[in-house]
């Protein structure tokens, strides 16, 4: 019974299943499921393709887009180079040295305190407060931390492991001789731009423009050769520094010029500075007193007064002038030093004894208008033209009066730069042609094309003879060097202090040429406010500026291939 019942029940379920299988909706279920599965696969595949396509597109975009520039760092990473500077013989005076500078990206710094602490541990002179303020400003993408690091400093920073700190390659200007030619070469700023001297001159000639367009690569720049002879420059610099300590002077300077080419072979002014670290000594040493300082040159100006009197015909060598008594002009008294004879003096004696009275009377013959015209022709009233940017314009009276003409004749009332005084002096001994000074090489033939005649050749011959007379019998004896025959004119000018001439402080100069029979070079030395002299307490130019010239000639003449002549010299009997 139970078996039959089970069979019947089983038979009934089978019928039911068979009936269900024959239903219309049951026959359509299998094709629909397959289609739905295919759709899902297609959608999923499309999603994968779209995702990978977006990734490829993004990567392609990053690859084709130019790199983003961070703050002030330019895209062009080429190092801004400057040409080497050499002396006339090819000796290196200035060059670029490769270095790196450290920068930070404040927006990437996690712990500002830790970063400041780590950097400060390496650079003890760093302003931590200022650095902290900069690094705390998250808006900043780039700041300089330290410029021009040494390799060891860079290595020490790298050991700290600070990801927000980076380095950028740069160049640092290096001057192998330090202070020796500081005022000629000048110096550059932290970005290698010329600030003074010939470095600034190079930028003024277009170097800065080349740098701005990325053309100043080291391969494209040829060395710049100067007229300076570093051997002579070393001597002049040494003598000038010695003058400050030996004569207890405020400042000193000297220059050596080739009278046939106008080339400046050496120029030094002290106090000076180290171009490798121009900020170290403060600003006092930055003033180039040879070209950018003006001074009343004292009796050296009698050289020019004598030249204009002789050249214009206002006086002859045989003329005499009464120097027995002081002169009085409009409340001013003109007198001579005690060593000047109180008598009638010939023209050579006026020069040899440096008579103010005799020079004043000679200038009275020349006339104020002629005097002014000659001084302008000599280049002593206008700004000197040369490569150095630091050149000061001479000062002169706004209105020339009789008393101005008289005092200017012996070096008071007009203030000029020492270098332009030397240049005018060179013209009076080279045959009478004014040649603008240059710090670049120049041949005699090239100089001749630009030279300007300022006096007759005969006048130049007479000035040379007067220089020789004074060098052997006058105040220039302390500058003479055996075999090289130095001649010239000293000048001791009282300094103007608080609007009045001081009787204690003076500006001393010596305008010299050698060898005086056939001059090749002019030297001008000066000593400002000396308190002692050469082996004496006397502070006249014959005891200060003239011995400076002697030291320069004795050491430099052999290097300049000047052949010594020890034959007895003949001095004209005036």
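The values are calculated or read from the model by the stated rules, or taken from the named source; none is laboratory data. The model shown is predicted, which means the values in this text are computed figures rather than measured ones. Don't worry about glycine lacking a Cβ; one is built from the backbone with ideal geometry, like all the others, and counts go over all protein chains shown.
Every residue, every condition in (1) in contact with a helix residue (DSSP H, G or I) (Cβ under 9 Å, 6 or more places away or on another chain); (2) closer than 13 Å to residue 474 by Cβ; (3) surrounded by fewer than 17 Cβ atoms within 10 Å (Cβ to Cβ), yes or no:
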residue	(1), (2), (3)
313	no, no, yes
321	yes, no, no
338	no, no, yes
345	yes, yes, no
355	yes, yes, no
> Taking segment 491-517, which residues are outside any strand (DSSP E or B) and surrounded by 12 or more Cβ atoms within 10 Å (Cβ to Cβ)?
Replying inline: 515, 516, 517
> Looking only at segment 408-439, which residues are without any contact (Cβ under 8 Å) to a residue 60 or more places away in the chain and surrounded by fewer than 21 Cβ atoms within 10 Å (Cβ to Cβ)?
Replying inline: 431, 434
>> Going residue by residue through segment 292-304, is there one that turns out to be out of contact with any strand residue (DSSP E or B) (no Cβ under 6 Å at 6 or more places or on another chain), surrounded by fewer than 23 Cβ atoms within 10 Å (Cβ to Cβ), in the same structural domain as residue 459 (by TED's automatic domain parsing) and not in a loop (DSSP other than H, G, I, E, B)?
In response: yes
>> Looking at 438, 459, 443, 450, can you tell me which residue is under 23 Å from residue 520 (Cβ atoms) and modelled with pLDDT under 95?
In response: 450
> How many residues, within segment 143-152, are buried (at least 16 other Cβ atoms within 10 Å of the Cβ) and under 10 Å from residue 100 (Cα atoms)?
Replying inline: 3
> Tally time: how many residues in segment 112-142 are touching a residue at least 24 places away in the same chain (Cβ under 8 Å) and more than 15 Å from residue 102 (Cα to Cα)?
Replying inline: 6
>> Please go through segment 260-277 and give me each residue that is farther than 18 Å from residue 289 by Cα and buried (at least 24 other Cβ atoms within 10 Å of the Cβ), ordered by number.
In response: 262, 263
